[in-house]
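Below is one structure, written out as structure tokens; comments come after it.
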Amino acid sequence: MKISIDWLKEYIPVTHTVEEIANKVSLTGIESAPVELGTDLSNLVVGHITSLKPHPDSDHLNLCQVDVGQAEYIQIVCGAPNVAEGQYVIVALDGANLPAGKEIKKGAIRGQESNGMICGLDELGVEESLVPKAFQKGIYVFPSVEEPGADAKELLGLNDQMVDLDITPNRADTLGMRGAAWEIGATYDEKPVFKDPVIDDSKVEDDDNLKINIEADDLVQDYLVRTIKNVQVAESPLWIQRRLWNQGIQPVNNIIDAANYVMIEYGEPIQVYDLDNLTDETISVEMATDGHKLNLGKDDTKDLNHDDLVINSGDQTLGLAGVVNGTSAQVDDDTRNILIESAVFDGTSVRKAAQRHDLRGDASNRFEKGVDTGAVEISLNRTVELIASITKIQSISQVIVGKQTPAEPTVIKASIDHVNRLMGITLSADEMIGILDRLGFSTEQNGDELTVTIPTRRWDMSIEADLIEEIMRIYGYENLQGTLPSGNETLGGYTPQREFINKLKNILLSEGMDETINFGLVSKQEARDFNYIDSEYTRVLHPMTEDHEFLRTSLIPGLIKNVAYNKARKNSDLSLFEEGRIFDRESGHDRPKEVEYIGGIITGKVGTDSWNTSAKEIDFYDVKGIVEELLSFVELDSEVEYRASKEIGNLHPGQTAAILFDDQVMGYVGKIHPEYQSAHSIDDAFVFELNVDKLLAQPKKNVKAMSAPKYPSVTRDLAILVAKNITSGEIVKQIFNDGGQYLKDVNIFDVYQGSNIENGHKSLGYHLIFQNSNDTLTYDTVEKAFTQIKTGLINKFNVEVR
């Protein structure tokens, strides 16, 4: 928001330079910068074209005799299509400077003397989009008689200095000149003085014909209108035009310009409509119908839907509420009767509609950040007053209320002692009250307590901390003393969950894996893939792309994309892991649970080829070994079981196992299904995924250091013939169940299926280790345990001991 110093002087005295003001306001918390207009312009005056005749050697040039306030008229050759006798125009005299280093010199054009240049606004640095349409392809003509030779820069507002406020979303009260006057005035202890709008009561009449219906009541807080009859639409006075184009708004006509002027003045968007172009005498504020269209002119049509709040008259859509007006009831030169709207619409609805239709502008910017609900009627009356002051009108209606919500000021209580303690300084009650008074807040004191009434223009304030911030910034951050903090110290540290996650990460890093971080948003297909938790899919409301439409249900799709990306770049030997959240939504719930998971993927080869070693292709047992190492280091006091599974989609049914702790599923490990690998352009890959939250909830072992055993161990080898459908894990589990207290370890050392083996069977060989830490094991003790093991296997699995 650019604050015109010339305009600001109407509210408060200004005695400081624009640089000083910008610096001072920046120190209060609103970043500001000085803006000086027209610094590259000089020697521009008002000229009056007294006569005009065609150039004798040109079919488009004219010889103009121009009164520039000198003793004699000067001749200027002009080729503008809209130049005419009697106009008051901008003249760049001999020696004048224009933007981009252009200098005007008198000379001859096709043999005719030219002593300067008649200028358009764009030639003075005004953006073409801000130049009134009537003058975009030619010279600018002053709308009223001006003194020849007068300073044209001054008249056009190009001598004005401005402070550019970089408004944060919570300080939208400064998106109007009155709000900015309060802010700058408080900085310099100057209270602004405002005049209330005055309307000629003799012209106010009842208008019982117009009816207003608020159908979307939850999205409309206030909706007030007035009508004006027999207005004369014309060009705005220059003082309005220059203030508008300096604010980046194109002047259109006196009615539309008055509405835009009040928006800049009060920060309240105002809309105007041609009353005679309404299809009936009813205004409805309602949701649009799917497929309905809003015509914005020049082949620009917007397709509306049921989420759009619109202003309708019968079947006619006048505009998108709080965003833009259509052309169906646009005020133009033929307009005679107008309707003026002042309203407060739901900011979220306005923001989404403006974003949806790519129509963000000055009005939507204010509504989405918030407007002063206490200034709805006064801004409406100010618009009526301004129109009545710049054009002829016949009558004005009373305020017609569609909906009006009482605007109540906010009341905040604060403790003087608490304010001082938080700021680290000591201010008296009078000093605090004085600062709050500078901001326009009224304050009552009762002992240590201040009761502060906040005007509706400061809707960003609601709690004591807001008051403290206001006192602090107006007092001056630079005036705060450096003090050491007092009070109890709070020791920082990680939560148990974060410590556990860090431990898991460090273990995998020590295993030679690399950590990746992927997006939590995935495509719908990726949300389906590896959804072994059977979660409902959670779609975001406004996805940026189809590839980032759903919340992920697994870490594996992201890791697979990492592998595919690397493979495309000739990097095939990969060992990656990711720790992050997946989103598990139960049926009937709107919001998903966020669950911490850790997952990994391994592909390619282990090791490298050298003179005495060879690289080995990754297999299932490599990734299973990493998982076993991970689980061993976290010291869980639970029985881990790897149970063969065919239930997890997109994993190889013969090389996949669910990971269970005391029969509770914690995750899985397995090989990616060959078809899935091919579809995603990756080689053989093995993955694992574990529920970190469940792991953390498992009981932990009480690990104690023990001395090395003094007594030797005893080993036995066991070879059995067993049915192929029985897993080695089941055999090992049974061996430990029957092996007694001295059985310390069981390792499989042989698997054979082939000739001399009964069909449907396999031969397994195990190495068993027995040890007593306190005594030497006897032969009988070991044999007794070994016999129990063999008997148990025979009874349970019908094995044949070989």
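The values are calculated or read from the model by the stated rules, or taken from the named source; none is laboratory data. The structure presented is a predicted model; accordingly, all values stated were derived computationally and were not measured. Because the Cβ atoms are built from the backbone with ideal geometry, glycine has one as well, and the counts that use them run over all protein chains shown.
Observations
- Within region 110-131, the set of residues being under 37 Å from the mean Cα position of the chain (by Cα) and in a loop (DSSP other than H, G, I, E, B) comprises Gly125, Val126, Glu127, Val131.
- Selected residue (criterion: nearest to Asn502 (Cα to Cα)) from residues of region 566-587 that are surrounded by fewer than 17 Cβ atoms within 10 Å (Cβ to Cβ) and over 29 Å from the mean Cα position of the chain (by Cα): Asp573
- Pairing each residue of region 196-222 that is closer than 13 Å to Val401 by Cβ and assigned by TED's automatic domain parsing to the domain that holds Glu265 with any residue that is of a type in the set (A, V, I, L, M, F, W, C) and exposed (fewer than 14 other Cβ atoms within 10 Å of the Cβ), provided the two are 6+ apart or on different chains, yields C-beta distances under 9 Å for Ile212/Val401; Asp222/Val401.
- On inspection, Thr787 qualifies as free of Cβ contacts under 8 Å to residues at least 24 places away in the same chain, surrounded by 11 or more Cβ atoms within 10 Å (Cβ to Cβ) and assigned to a helix (DSSP H, G or I).
- Residue in region 447-468 that is part of a helix (DSSP H, G or I) and more than 35 Å from the chain's Cα centre (by Cα) present: no
- Matching option when the condition is in contact with a Lys or Arg (Cβ under 8 Å, 6 or more places away or on another chain) and either exposed (fewer than 11 other Cβ atoms within 10 Å of the Cβ) or assigned by TED's automatic domain parsing to the domain that holds Glu628 (or both), among Glu526, Glu478, Glu511, Glu489: Glu526
- For the residues Ala134, Ala172, the requirement of being within 18 Å of Trp239 (Cα to Cα) and either at pLDDT below 95 or surrounded by 19 or more Cβ atoms within 10 Å (Cβ to Cβ) (or both) singles out Ala134.
- Selection of region 95-109 for residues being surrounded by 15 or more Cβ atoms within 10 Å (Cβ to Cβ) and either in contact with a Phe, Trp or Tyr (Cβ under 8 Å, 6 or more places away or on another chain) or in a loop (DSSP other than H, G, I, E, B) (or both) yields Ile104, Lys106.
- One residue stands out in region 244-280 among those that are part of a strand (DSSP E or B) and of a type in the set (A, V, I, L, M): the one that is surrounded by the most Cβ atoms within 10 Å (Cβ to Cβ), namely Val272.
- Among the residues examined, Ala134 qualifies as of a type in the set (A, V, I, L, M, F, W, C), touching a residue at least 40 places away in the same chain (Cβ under 8 Å) and not in a strand (DSSP E or B).
- Restricting region 38-55 to residues that are in contact with a helix residue (DSSP H, G or I) (Cβ under 7 Å, 6 or more places away or on another chain) and not small (Gly, Ala, Ser), the residue that is modelled with the lowest pLDDT: Asp40
- For region 591-644, a residue qualifies if it is assigned to a loop (DSSP other than H, G, I, E, B) and either modelled with pLDDT of 90 or more or of a type in the set (A, V, I, L, M, F, W, C) (or both), and the qualifying residues are Arg591, Pro592, Gly604, Trp611, Ala615, Ile618, Asp619, Val634.
- Subset of region 347-383 [in contact with a helix residue (DSSP H, G or I) (Cβ under 9 Å, 6 or more places away or on another chain), over 16 Å from Val310 (Cα atoms) and not charged (D, E, K, R)]: Gly361, Asn365, Gly370, Val371, Ala375, Ile378, Ser379, Leu380, Thr383
- Residue in region 417-444 that is surrounded by the fewest Cβ atoms within 10 Å (Cβ to Cβ), counting only those that are farther than 25 Å from Tyr188 by Cβ and out of contact with any Ser or Thr (no Cβ under 6 Å at 6 or more places or on another chain): Asp417
- Taken over region 63-84, the criterion of being modelled with pLDDT under 95 and of a type in the set (D, E, K, R) is satisfied by Glu72 alone.
- Condition met for Thr348 (of a type in the set (S, T, N, Q), outside any strand (DSSP E or B) and over 23 Å from the mean Cα position of the chain (by Cα)): no
- Residue satisfying condition, being in a strand (DSSP E or B), more than 27 Å from Ser638 (Cβ to Cβ) and over 60 Å from the mean Cα position of the chain (by Cα), within set Leu768, Leu721, Leu777: Leu721
- Subset of region 736-748 (residues that are touching a residue at least 24 places away in the same chain (Cβ under 8 Å) and in contact with a Phe, Trp or Tyr (Cβ under 7 Å, 6 or more places away or on another chain)): Tyr742, Leu743, Lys744
- Filtered residues of region 32-71 (kept if assigned to a strand (DSSP E or B), among the acidic types (Asp, Glu) and either buried (at least 16 other Cβ atoms within 10 Å of the Cβ) or in contact with a Pro (Cβ under 7 Å, 6 or more places away or on another chain) (or both)): Asp67
- Residue count for region 10-31, restricted to those that are under 33 Å from the mean Cα position of the chain (by Cα), part of a loop (DSSP other than H, G, I, E, B) and surrounded by fewer than 17 Cβ atoms within 10 Å (Cβ to Cβ): 2
- The helices (runs of 4 or more DSSP H) found wholly in region 359-444 and carrying at least 3 residues that are aliphatic (A, V, I, L, M) occupy 376-390, 416-423, 429-438.
- In region 561-589, the residues that are closer than 21 Å to Gly607 by Cα and free of Cβ contacts under 8 Å to residues at least 24 places away in the same chain never reach a residue that is of a type outside the set (Phe, Trp, Tyr) and assigned to a helix (DSSP H, G or I) with C-beta atoms less than 9 angstrom apart, at least six apart or across chains.
- Among (1) buried (at least 21 other Cβ atoms within 10 Å of the Cβ); (2) modelled with pLDDT of 95 or more - the single one Pro192 does not satisfy: (1)
- Checking Val722 against (1) out of contact with any His (no Cβ under 7 Å at 6 or more places or on another chain); (2) of a type in the set (A, V, I, L, M, F, W, C); (3) under 30 Å from Gly654 (Cβ atoms), the condition it does not meet: (1)
- Hey, Val324 β-branched (Val, Ile, Thr) and surrounded by 24 or more Cβ atoms within 10 Å (Cβ to Cβ) or not: no
- Residue within region 51-64 that is in contact (Cβ under 8 Å) with a residue 60 or more places away in the chain and hydrophobic (A, V, I, L, M, F, W, C) present: no
Quick grid of which residues meet (1) buried (at least 17 other Cβ atoms within 10 Å of the Cβ); (2) without any contact (Cβ under 8 Å) to a residue 24 or more places away in the chain; (3) of a type outside the set (A, V, I, L, M, F, W, C); (4) on the phi < 0 side of the Ramachandran plot:
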{"site": "Tyr676", "(1), (2), (3), (4)": "yes, no, yes, yes"}
{"site": "Ile682", "(1), (2), (3), (4)": "yes, no, no, yes"}
{"site": "Phe686", "(1), (2), (3), (4)": "yes, no, no, yes"}
{"site": "Pro699", "(1), (2), (3), (4)": "no, no, yes, yes"}
{"site": "Ser707", "(1), (2), (3), (4)": "no, yes, yes, yes"}
{"site": "Ala719", "(1), (2), (3), (4)": "no, no, no, yes"}
{"site": "Ser728", "(1), (2), (3), (4)": "no, no, yes, yes"}
